[in-house]
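Report on the structure given below.
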Amino acid sequence: MNEIEPNEILDYVKKEKSAIFFHTPLCGTCKVGRRMLEIVEMTLPNMKIASCNINTASEIASAYNIESVPCLIVFSEGTVKEKVYAFQSVDYLYSLLKAE
């Protein structure tokens with residue numbers, strides 16, 4: 001999972017289905033969520049998944065109304081399709097991202 005900067009987000013999500021994992025470096029739940037998404041990423045190679053440190057992306061957090069971390073936002077051609085805060089399981093994330 002590649003880390004992207006806030007100024008890269010709009011270009012990253014505008015052309016195809018993708019997801020961005022918003023996190024903070026010291027968040028323990030975020031670390032667990034990242035590991036889960038890395039497993040999903042290996043099984044869905046055509047799904048673009050990136051991560052972004054919310055501490056450096058306050059404008060993005062406001063624009064997408066991110067209430068807490070971890071947060072996974074799923075996009076389709078630049079449009080928000082799903083926003084997830086509870087990363088229930090690898091199976092749940094796989095089903096969510098595969099359906100998009």
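Numbers below:
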| read-out | value |
| --- | --- |
| Where residue 95 falls short, out of the listed (1) of a type outside the set (Phe, Trp, Tyr); (2) without any contact (Cβ under 8 Å) to a residue 40 or more places away in the chain; (3) not in a helix (DSSP H, G or I) | (3) |
| Meets criteria (in contact with a helix residue (DSSP H, G or I) (Cβ under 7 Å, 6 or more places away or on another chain), among the charged types (D, E, K, R) and closer than 20 Å to residue 98 by Cα) for residue 38 | no |
| Matching residues, region 41-56, being crowded, with 17+ Cβ neighbours inside 10 Å and without any contact (Cβ under 8 Å) to a residue 24 or more places away in the chain | none |
| Filtered residues of region 70-80 (kept if closer than 12 Å to residue 20 by Cα and either assigned to a loop (DSSP other than H, G, I, E, B) or not small (Gly, Ala, Ser) (or both)) | 70, 71, 72, 73, 74, 75, 78, 80 |
| Residue among 65, 55, 46, 7 that is more than 20 Å from residue 97 (Cα to Cα), polar (S, T, N, Q) and assigned to a loop (DSSP other than H, G, I, E, B) | 65 |
| Qualifying residue in region 18-35 (condition: buried (at least 18 other Cβ atoms within 10 Å of the Cβ) and touching a residue at least 60 places away in the same chain (Cβ under 8 Å)) | yes |
| Sole residue being over 18 Å from residue 13 (Cβ atoms) and in contact (Cβ under 8 Å) with a residue 12 or more places away in the chain, chosen from 82, 38, 59, 77 | 38 |
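A short reminder: the numbers here are calculations on the coordinates, not readings from a lab. This one's a predicted model, so the numbers in the text were calculated from it and none came from an experiment. Every residue, glycine among them, receives a Cβ derived from its backbone with ideal geometry; neighbour counts consider all protein chains shown.
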